[in-house]
Amino acid sequence: MPSCSVTEISKCIVYPEKRSTVADLRLSVSDLPMLSCHYIQKGVLLTSPPPSFSFDDLVSSLRRSLSSTLSLFPPLAGRFSTSPSGHIYITCNDSGVEFVAASAKHITVSDVLSPGKDVPLLVREFFVFERLVSYNGHHKPLSAVQVTELKDGIFIGCTVNHSVTDGTSFWHFFNTFADATSGACKIKHLPDFSRNTVFDSPAVLPVPPGGPRVTFDADQPLRERVFHFSRAAILKLKQRTNYKVNGIETVVNTEEILGKVSNDGRITNGNGNGKITNKKSYDRTAEISSFQSLSAQLWRSVTRARNLDPRKTTTFRMAVNCRHRLEPKMDPYYFGNAIQSIPTMASAGDVLAKDLRWSADQLHRNVVAHDDATVRRGIADWESNPRVFPLGNPDGASITMGSSPRFPMYDNDFGWGKPLAVRSGGANKFDGKISAFPGREGNGSVDLEVVLAPETMAGIENDPEFMQYVSEVSYDC
């Protein structure tokens, strides 16, 4: 693997094409806890544009489209300000965003993808504001874009303050930016900047001198891999966790559809479609989802690899979008953070001794129960004790699942085809941090970006129950 050393070609501030008319936006109960988190860093790897479109042409095009997109998302071109009362606002003052054009022509697309290997550290050089804490948005741009020319491809990395956006809003902006670059005449969905939601609160977050810091050790030794799970593998997992729904045994020929299931959970000789049938109808809300099934398998395998005391309590945290959980529902394109964390706890002994369905059901029950009343209780709890979000794994037994395979990451066509892959920078990474991406082929496939301590990563790589579901991706590059 070649060492990276990205060469910066140019750097400038890109301003919105039109002046903002959006009033100052007070950070909400969901925004404020993110002030101690790093800026979000996500980007897309693309093939090279047609030879007739030079890198200089691309840079000019991206600057123009970024400027027009910022006119639709003015908070991203603003800065934070703190009022005398201690409330923090996004001031939509058109201060602009940082834009960097860079070169790494000794790096190939294959170097970045590194199939079957760890994600190379060189990917982190494709992003601006490495390890920048979100509170610094008082004096730093709230977003930035870097475009890097590779030997045979392009990487477009976007960095956004985590107190300004969650994943839903981040990808809304990124998709719109890509559409504008490709020449789309009309934006598909306008962002909603209203703040008349249950998340708007007069509560003030106490800020220590110098601002909050991340709540984890950003320098701990880590390994990072992207594991791919095909639709067929996901269906097999879902079949394992849904053999009984509402207490009704499902009628399925497991050998014909899934293959034989061994005592350690391994499946062999399966080639079916993974459909579940039973003689009676059942409540679909009782069905454990594909993603919960995959998460449960990860929980089991990481817990096994950590070799924890059976009495040790393990925690699996899932970030959930609250927009549709509230009554009345929020606008799906509400711009900002509208997320909460759902912790599911169980002893290491139970996670390993009980079957996969049991672990999946624990996750499922908590997700289903996270309704309007639960969201509001979480808000009231935070208002009674305002605090930053405790990212990390302080007890060595936690997993934090972020992002979502539902995010439209592969809809980012900048004019010459959809991305080859999605990758992230070094932001907010610690032992047990997992990010879920849709698989490039779609159709229910999932990629998990897994960050673990080196010995734990080695453990899941040698776990047949986990690795039987992992497959390599074929990139048509």
Mind telling me which of the residues P75, P16, P115 ends up being in contact (Cβ under 8 Å) with a residue 12 or more places away in the chain and part of a helix (DSSP H, G or I)? P75
Inspect all residues belonging to the stretch 105-113 and state whether any of them is over 12 Å from Q41 (Cβ atoms), open to solvent by less than 10 Å² (accessible area, probe 1.4 Å), among the hydrophobic types (A, V, I, L, M, F, W, C) and touching a helix residue (DSSP H, G or I) at 6+ places or on another chain (Cβ under 9 Å). yes
Where residues in the stretch 135-151 are within 21 Å of L66 (Cα to Cα) and either of a type in the set (K, R) or part of a helix (DSSP H, G or I) (or both), which of them is least open to solvent (accessible area, probe 1.4 Å)? G137
What is the residue count in the stretch 77-90 for residues that are open to solvent by 30 Å² or more (accessible area, probe 1.4 Å) and either of a type in the set (F, W, Y) or within 30 Å of R63 (Cβ to Cβ) (or both)? 3
Just give me the residues in the stretch 45-68 being modelled with pLDDT of 95 or more and among the small types (G, A, S), in sequence order. S48, S54, S60, S61, S65, S67, S68
Among the candidates H370, H364, which residue alone is more than 17 Å from L294 (Cα to Cα) and either in contact with an Asp or Glu (Cβ under 8 Å, 6 or more places away or on another chain) or at pLDDT 95 or above (or both)? H370
Consider D264 carefully, then state whether it is open to solvent by 20 Å² or more (accessible area, probe 1.4 Å), part of a loop (DSSP other than H, G, I, E, B) and at pLDDT 50 or above. no
Within the stretch 336-348, does at least one residue satisfy the condition of being at pLDDT below 95, in a strand (DSSP E or B) and exposed (fewer than 14 other Cβ atoms within 10 Å of the Cβ)? no
Could you please give the count of residues in the stretch 176-190 that are within 25 Å of Q41 (Cβ to Cβ), surrounded by fewer than 21 Cβ atoms within 10 Å (Cβ to Cβ), in contact (Cβ under 8 Å) with a residue 40 or more places away in the chain and within 24 Å of the chain's Cα centre (by Cα)? 2
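Here's the yes/no breakdown for (1) in contact with a helix residue (DSSP H, G or I) (Cβ under 6 Å, 6 or more places away or on another chain); (2) within 26 Å of F129 (Cα to Cα); (3) open to solvent by less than 30 Å² (accessible area, probe 1.4 Å):
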{"site": "F430", "(1), (2), (3)": "no, yes, yes"}
{"site": "S435", "(1), (2), (3)": "no, yes, yes"}
{"site": "E449", "(1), (2), (3)": "no, yes, yes"}
{"site": "L452", "(1), (2), (3)": "no, yes, yes"}
{"site": "D463", "(1), (2), (3)": "yes, no, yes"}
{"site": "F466", "(1), (2), (3)": "yes, no, yes"}
{"site": "S474", "(1), (2), (3)": "no, no, no"}
Which residue pairs have Cβ atoms under 6 Å apart, sit 6 or more places apart or on different chains, and have a first residue in the stretch 449-477 that is under 16 Å from S435 (Cβ atoms) and a second that is aliphatic (A, V, I, L, M) and assigned to a loop (DSSP other than H, G, I, E, B)? V451/L222
In the stretch 41-63, which residue that is open to solvent by less than 20 Å² (accessible area, probe 1.4 Å) and within 17 Å of the chain's Cα centre (by Cα) is nearest to R387 (Cα to Cα)? Q41
Among the listed residues S359, S384, S403, identify the single one that is out of contact with any Ser or Thr (no Cβ under 8 Å at 6 or more places or on another chain) and open to solvent by 20 Å² or more (accessible area, probe 1.4 Å). S384
Criterion violated by E98 - all others in (1) open to solvent by less than 10 Å² (accessible area, probe 1.4 Å); (2) touching a Pro at 6+ places or on another chain (Cβ under 9 Å) satisfied: (1)
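The values are calculated or read from the model by the stated rules, or taken from the named source; none is laboratory data. Model, not experiment: these values are computed from the prediction. Here Cβ is always computed from backbone atoms with ideal geometry, including for glycine, and neighbour counts include all displayed protein chains. These area figures cover heavy atoms from the full protein model, side chains too; ligands, DNA and RNA do not enter into them. Shrake-Rupley method; radii C 1.70, N 1.55, O 1.52, S 1.80 Å.
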